[in-house]
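The values are calculated or read from the model by the stated rules, or taken from the named source; none is laboratory data. Remember, predicted model here, so these are calculated numbers, not experimental data. Ideal geometry is used to build each Cβ from the backbone, glycine not excepted, and the neighbour counts take in all protein chains shown. Only protein heavy atoms, including side chains, enter the accessible area calculation; ligands, DNA and RNA are left aside. Shrake-Rupley method; radii C 1.70, N 1.55, O 1.52, S 1.80 Å.
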Amino acid sequence: MRRTVIAGNWKMNKNFSEAEDFFLNLTESIKSKDFDNVEVVICPSAVFLELATDFSIEYPLGIGGQDVSANVEGAYTGEVSASMLRSIEVDYCLIGHSERRKYHLESDEQINKKLHLLQENDITPILCIGETLEQREQNITKEVIISQLEGGLKNVTLKKEVIIAYEPVWAIGTGRTATPEQAQEIHQEIRKWIEEKYTTEIAEDIIVLYGGSMNPGNQEELLKQPDIDGGLIGGASLVAEKFEQMIDIAIELRG
Ligand code: PEP
């Protein structure tokens with residue numbers, strides 16, 4: 001059975017004391033919960049990753065970066081390498097988030113380089129894919145996500161874990177969520193593509209998250225879909241109580 005992943009993407013939010021308070025709150029709450037099959041992941045700003053991994057030593061918490069350099073090391077001012085993330089015990093890293101694609105013009109080729117570097121450093125990539133509103137209206141959603149999968153997973157064997165996050169761009173931070181049926185349709189398509197490209201076993205095992213205005217009100221119906229294995233949660237992950245509520249919903253359904 002695939003595990004359910006509830007991952008919070010803080011984006012560029014929180015200062016040090018806010019981040020620390022959140023982790024104190026969250027760890028206090030998860031230590032009294034009983035769960036086997038749900039994994040909680042937080043992706044804070046790079047500045048707070050070490051603070052976060054200090055908490056994850058003691059508590060069942062995965063920590064993820066929000067991005068990584070496509071280069072190994074050297075003269076790349078401002079960048080953070082995969083081996084730096086590894087050296088502070090980071091477990092996961094988002095790549096290809098639509099905000100990186102939009103504001104930093106990241107290409108599938110760069111995203112693919114990042115994915116390989118993460119795997120070489122034993123960090124699980126969370127590969128974000130998704131169509132814009134314009135692409136959905138043009139009826140090319142499937143083509144778009146397949147081309148992002150092809151580009152992002154080029155020369156990747158999937159012997160090491162990769163998580164896919166389907167995030168329709170029109171649903172990110174807009175309060176507009178894909179309906180459970182719309183999300184399920186694309187998740188199923190992703191799994192079908194993985195089966196054709198790799199094996200049935202890999203397709204059955206791969207974790208595919210939904211992201212796009214997921215919140216405590218719409219999460220349950222999304223998680224009831226057979227191919228949705230959890231959520232990548234932006235806005236609703238910033239408030240500890242709300243995020244904890246979402247962890248509880250996941251435990252109730254899948255714990
Ligand atoms: C995200 O940042 O990946 C995201 C899904 O954001 P939100 O939940 O705010 O739409």
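Some observations on this one:
- Region 164-189, subset charged (D, E, K, R) and surrounded by 15 or more Cβ atoms within 10 Å (Cβ to Cβ), residue nearest to the ligand (Cβ to nearest atom): Glu167
- Annotation: Ser87 fulfils all but one of (1) touching a His at 6+ places or on another chain (Cβ under 6 Å); (2) open to solvent by 70 Å² or more (accessible area, probe 1.4 Å); the unmet one is (1).
- Hits in region 152-182 - residues which are closer than 24 Å to Lys197 by Cβ and of a type in the set (Val, Ile, Thr): Val156, Thr157, Val162, Ile163, Ile164, Val169
- Among the residues listed as Lys192, Lys154, the single one being within 27 Å of Lys224 (Cβ to Cβ), over 18 Å from the mean Cα position of the chain (by Cα) and either among the basic types (Lys, Arg) or open to solvent by 60 Å² or more (accessible area, probe 1.4 Å) (or both): Lys192
- Residues of region 38-78 satisfying the condition of being under 20 Å from the mean Cα position of the chain (by Cα) and part of a loop (DSSP other than H, G, I, E, B): Pro44, Ser45, Tyr59, Pro60, Leu61, Gln66, Asp67, Val68, Ser69, Ala70
- Of all residues in region 1-37 being β-branched (Val, Ile, Thr) and assigned to a helix (DSSP H, G or I), the one that is farthest from the ligand (Cβ to nearest atom): Thr27
- Residue list for region 225-249, filter: open to solvent by 10 Å² or more (accessible area, probe 1.4 Å), in contact with a strand residue (DSSP E or B) (Cβ under 7 Å, 6 or more places away or on another chain) and near the ligand (Cβ under 9 Å from one of its atoms): Gly234
- Restricting the search to helices (runs of 4 or more DSSP H) fully inside region 86-156 and requiring at least 2 residues that are over 18 Å from His187 (Cα atoms) gives 98-103, 108-120, 133-137.
- Residue match in region 64-83 (condition: of a type in the set (D, E, K, R), within 16 Å of the ligand (Cβ to nearest atom), modelled with pLDDT of 95 or more and surrounded by 14 or more Cβ atoms within 10 Å (Cβ to Cβ)): yes
- Scanning region 212-231 for residues that are touching a residue at least 12 places away in the same chain (Cβ under 8 Å) and either touching a His at 6+ places or on another chain (Cβ under 9 Å) or part of a loop (DSSP other than H, G, I, E, B) (or both) returns Gly212, Ser213, Met214, Asn215, Pro216, Asn218, Lys224, Gln225, Pro226, Asp227, Ile228, Asp229.
- Each residue in region 20-52 was checked for being β-branched (Val, Ile, Thr), open to solvent by less than 10 Å² (accessible area, probe 1.4 Å) and out of contact with any Gly (no Cβ under 8 Å at 6 or more places or on another chain), and 2 of them qualify.
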